[in-house]
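Worksheet: the structure to be examined is printed underneath.
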Amino acid sequence: MGKHTRAKSSSRAYVVFVGRSTGVFSTWAECHEQVHKFSKNDYRKYATRESAEEAWRQSTVYLKTNASCADPIKETQILLKPSPTNKRPFRNVADFTGSEDGETPAEKICRTDSGRHLNDLILLETPPGPKQTPVESCIILTPAQQSVVNLANERHNMFLTGAAGSGKTVTLKEIIKCLQDKPNPIDVSVVAPTGIAALPLGGKTTYSFAGWSPDSFKQPLEALLSKVTGNTKKRIKKVACLIVEEVSMVENQFLERLNMLFQHVLENDRPFGGKQVIFVGDFHQLPPVKLFERCLICGEPMNTSLVVFVRQYKCQTPDCASKGVIFKNGDKWAFKAPVWDQLNLRHVKLEQIHRQKDGRFQTLLNKIRNGAELTQYEWEDLERKKTLPPHIFAIRLMSRKIQVDRFNDNELSKIQNTTMSWKAIDTVIKLHPRNKYDYFPYKDIMNEETRQQYWRIENIRIEEKINEYKRLVGDYHRSSSELYLKVGAKVVLLHNLDPSSGLVNGSQGEVVGFKGFQDALDVKKHGRIEIEAFERFRKSNHFGRPIVHFARGNPVVIKQITLDSLQGPADDRYLLSRTQIPLALAWALSIHKSQGMTLDYAEVSSKDIFESGQLYVGLSRVTRLEGLTVTGFSRKQTEMDPEVLRFYRCTPWIKLDPSSYSYGVRGIQNFVNLTLRSSGDAQFPHRTLSPSDPSEIIPETHSEDEYNKQQ
Ligand SMILES: Nc1ncnc2c1ncn2[C@@H]1O[C@H](COP(=O)(O)OP(=O)(O)OP(=O)(O)O)[C@@H](O)[C@H]1O
């Protein structure tokens, strides 16, 4: 009997759903440690270990390799449930109208601008609280895109480029997925110069990854490198593949500093300390914003001057090693940084354009991309006023944010209807590792008292970090902290809500009404964080949700969505969520914000353009020539930087012909073997590519036997 009881109690287990550490724990003492005095803790006892593990499995989802998260966080669990991606059936508005009592102010103005009541229209409800739906799930990679993925899998350093809409981002997402979905997953980190570019890939800004702020560069290089924090060191040591997205916006010296940081932390003189590096971007698009502000070596401000219409930068600090070195405007690009050549990159270019199907429009865009003069006929085609469908207004793409805000506010104020506003709900939480003791310093020698003392100090640090991240949430999300709308407002969707219904990032429409909150999130389908955020969102926003009539299809109720971004290294990870209606006013949009978007209707004023690449980025967002108008009465094209043109002309591009590769199953097997041997770093021997003979570059075979011989 006693024996039996002992056996029973030893198989008992506890699940901590919310606590200092979450997961399954064998003893009450362990469980107690996680939940004692932990606000809003949640834990349960189970009769057997199996039932506890099952309960835990049911309640968690591991955020990995989805569109929102590039970091493999196998150790990290968060209490979120995946949202169903299946579309709900069409419904009539009557289905949404609740009781008289529950009617919100929004419902009272549930009408279209044409006077039709919404009951006359068919409403489609967007998927409930969708997470980042992988729009790519329905895309089949082209052979060229697949070859790029294979190259990355072979652990080559790489520069992936191609015109706007050639599928770089789609390919990149597949690369991340492939590297992480291995039996031996590769630690991938995505960084981008802007938070907006980093979010869709679950990445960080380059500053945040490196643990820098713009002020960091005020100090000499030596001081900058000697003050690297422990977290940054861990992050750099852990990453096996660093992906730099939107590399066209990374400045030459910034890339050099990043390289030196890796070399310093890893105590390895190889470029980026020997880690695999993949650059992604198009140098014909947006350039770096800040150039050569401070000397890389001494940190003093650089002296700037105009010499024969060319801006030059040089350090004038006596005794500085870089005194007298002159940088010209054309040196700003990342490919001008010495480390670019040292990395022995595979340069790959995607040639097929997917965003625009019309060959004539593709040719026109290509000419602008390459700085070629447009013909009179092509200009007329661009300037011709286009006929737009009802409810649609061509978004004006502008270069400066201040112009955009003024333009939107002005247009909104012209509408007489009531203004509705939505405040975003931002949540920052600390994620605890599956087994906190993995990261627990001196875990073997700590006694209970020291442990508790450790947690007290640790909690203060976490609190500070959370407050710091709360200030940063806006940098990682496209949706605004406060959204103002009226019936009649032109809007653009900021997220891929339901690609199968054409509801993608960039879909344009008009607000035709508002619909109250009648529903609650299904606790079985949504995670705790999302549900709590929804409740807070509902309480602080009384106007329900906007109903938008999109250019393609029927009016749709746009629900709030919760988007997550993970920050910090695996042992100190934070989840930054924003819950907001994913819409923005769309009379005007900044060209920077439009990067990566696919738009149906846009207007670009040539007067607004002041920098090379801006006109190209603006025009190339649009899918069809019939949706694009250029105004401004200036036919002067901003010249494409000659350095960029030269770079693209002289670079030895790898021919992306999949038949030249011996990948497939065997390639993957090699890759697995390689990673097993190379412990995650890019140690594959690189060959020097000869620009004069591109055939040298391909085909490249890495069969298992060959690899063994090389060893
Ligand atoms: N293989 C493919 N088949 C069909 N559509 C594709 C394919 N690859 C990409 N697309 C589509 O082409 C469009 C542009 O893709 P993506 O955003 O990846 O291009 P990009 O090169 O990153 O563009 P940009 O430089 O403008 O950001 C998207 O709508 C995407 O879904």
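Descriptive notes on the structure:
- Amide H to amide H distances under 5 Å link Leu656 with no residue, where only residues 5 or more positions off or on other chains count and H is placed in the peptide plane.
- The chymotrypsin sites (Phe, Trp or Tyr not before Pro) found in segment 262-314 that occupy coil by DSSP, while having at most 11 further C-beta atoms within 10 Å, are Phe309.
- Among the protein heavy atoms of segment 143-350, carbon and sulfur supply 51% of the accessible surface, probe 1.4 Å, non-protein parts ignored.
- Rounded accessible area per residue of segment 261-387, 1.4 Å, Å²: 49 Å²
- Computed on protein heavy atoms with a 1.4 Å probe, the accessible areas place Ile243, Ile415 in the order Ile415, Ile243, largest first.
- Estimated vicinal HN-Hα couplings, Hz - segment 408-414 in sequence order (Karplus 6.51, -1.76, 1.60; Gly, Pro = x): 5, 4, 5, 5, 5, 5, 6
- Remark: spin-label model distance Ala55-Ser226 equals 5.5 nm, labels positioned 7 Å along the Cα→Cβ axis.
- For segment 143-350, the Cα gyration tensor yields ellipsoid semi-axes of 30, 21, 14 Å (square root of five times each eigenvalue, largest first, whole Å).
- With the Kirkwood sum run over all distinct C-alpha pairs, segment 139-203 has a hydrodynamic radius of 12.6 Å.
- Per-pair calculated FRET efficiency, R0 = 51 Å: Arg270 and Gln453 via Cβ, rounded to 0.05: 0.75
- For Gly195, net neighbour charge (Lys/Arg +1, Asp/Glu -1) across residues whose Cβ lies under 15 Å away: +1
- Measuring against 27 Å, Cα to Cα, the residue pairs Lys234/Lys332; Lys490/Lys593; Lys173/Lys607; Lys238/Lys314; Lys290/Lys430; Lys401/Lys607 contain Lys234/Lys332; Lys173/Lys607; Lys238/Lys314; Lys290/Lys430 as the ones spanning a longer distance.
- Under a 5 Å amide H cut-off, with hydrogens placed 1.01 Å from N, Gly299 pairs with Leu221 among residues at least 5 apart or on other chains.
The values are calculated or read from the model by the stated rules, or taken from the named source; none is laboratory data. Everything quoted here is computed from the prediction, not taken from an experiment. A quick note on method: Cβ atoms are made from the backbone with ideal geometry, for glycine too, and the neighbour counts reach across all protein chains shown. Surface accessibility is based on the protein's heavy atoms, side chains included, excluding ligands, DNA and RNA. Shrake-Rupley method; radii C 1.70, N 1.55, O 1.52, S 1.80 Å.
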